[in-house]
Amino acid sequence: MMATGHTPVMLEEAIAALDLAPSATVVDATFGGGGHSRKILELLGEDGRLVGIDRDPEAAVRASGIRDARFEFRPGAYDEVLQSLVEEGMEADAVLFDLGLSGYQIEDPERGFSYIREAPLDMRMDPASGISAAEFLNSTGEEEILQVLTDFGDVSRSEARRITKEIIRRRPISTTLDLTEAVRAAVGWTERGGNPSKRVFQAVRMRVNDELDSLERALRATERLLVAGGRLVVISFHSGEDRIVKRFIADREGKCTCPPELPVCVCGAKPIFRRGVVRRSSREEVERNPRSASARLRSAIRTGEFPREDST
């Protein structure tokens, strides 16, 4: 079955938050289907530059269709590629992250991301790197699987315990429907609560692809990549991702920690980022694209201060 494509979430809001000048150098750290990149190229002038990043080989194929001298595609995990750009001495005016899965990945059953279509249980963003979801579930101990389900899937501990035990009882798990059936046998399914496999698949996918730790490393690299006045824009779909972005920006706002009785600041608080707009998907967008319902956009503006010591 061929994927029908990907609809960029909060496209206009993201473009507005990037606030691009025609000559800007921009990094689209999650190229995916290329929707954001193509819109950015429409706005850039002849002197503009856009670097797209993605570790999914299929995204690289899609990127090859952009015949534009201002565009360069860098394959690889975004934390690693962003760090390499820093080491090359590149400076960016804006960096965009659109986290989570693209419509292409969800709709291609062979990738193993869908819990309603039977396929090999893979879930790797780069199928040639790391272990698959099946390998993880078949080789990992009970406590680690339990922790993954609670931390990354927001599954209650009691449900996670039952699901984990059922997975272990049914090993080896090899297909998407093997996992879906294990989840249903453990906790059932109700129309009101929705299919619990959604949260389980999300949790396993995030663990297999090291998504939260990669995001933290990528944000630290971005801090060094952005010029003064540069814009960071992140669209997230998971509470854990959003907390990381929110904390990253808050920690770098340079809030004064001096006792209130002191007449002047002596703690040396200096902001590295100034908080920008925070947006949720509009009601109209959610009606058109239900996937956008959980999306949250956060942005920040880089100051002229040096990055923190832990940003390397």
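The numbers here are math on the coordinates, done by the rules we state, and not lab data. Everything numeric in this text was worked out from a predicted model, so none of it was measured. Cβ sites come from the backbone with ideal geometry, for glycine too, and all protein chains shown count toward neighbours.
When each full DSSP H helix of the chain is screened for a Cα extent of at least 15 Å along its own axis and an average Kyte-Doolittle hydropathy of at least 0.5, the helices passing are 176-187.
Helix-only estimate, please: 222 nm mean residue ellipticity of the chain, summing -39500 (n - 2.57) across DSSP H runs of length 4 or more and dividing by its residues, to the nearest 500. My calculation for the chain gives -12000 deg cm²/dmol from helical runs alone. Distance between the 7 Å Cα→Cβ label points at residue 258 and residue 274: 2.0 nm. Placing a pseudo-label 7 Å from each Cα along the Cα-to-Cβ vector at residue 60 and residue 284 gives an inter-label distance of 4.0 nm. Sorting 206, 90 from the fewest to the most surrounding beta carbons within 10 angstrom yields 90, 206. Quick check: from the Cα gyration tensor, does the stretch 122-162 come out rounded (a/c under 1.5), prolate or oblate? Prolate, since a/c reaches 1.5 and a/b exceeds b/c.
The simple Förster model, with R0 at 22 Å and r as the Cβ-Cβ distance, assigns residue 128 and residue 72 a FRET efficiency of 0.50. Ordering 19, 213, 56 by the number of other Cβ atoms within 10 Å of each residue's own Cβ, fewest first, gives 213, 19, 56.
Look at the Cα gyration tensor of the stretch 38-106: its axes a ≥ b ≥ c give a/c of at least 1.5 with a/b at or below b/c, and that counts as oblate. Each of 187, 95, 227 was scored by other Cβ atoms within 10 Å of its Cβ. Arranged with the fewest first, they read 227, 187, 95. By the rule of a C-alpha distance below 21 Å, with chain neighbours fewer than 8 residues away ignored, the lysines paired with residue 198 are 165. In summary, the lysines within cross-link reach of residue 270, defined as a Cα separation below 30 angstrom excluding same-chain residues under 8 places away, comprise 246, 255.
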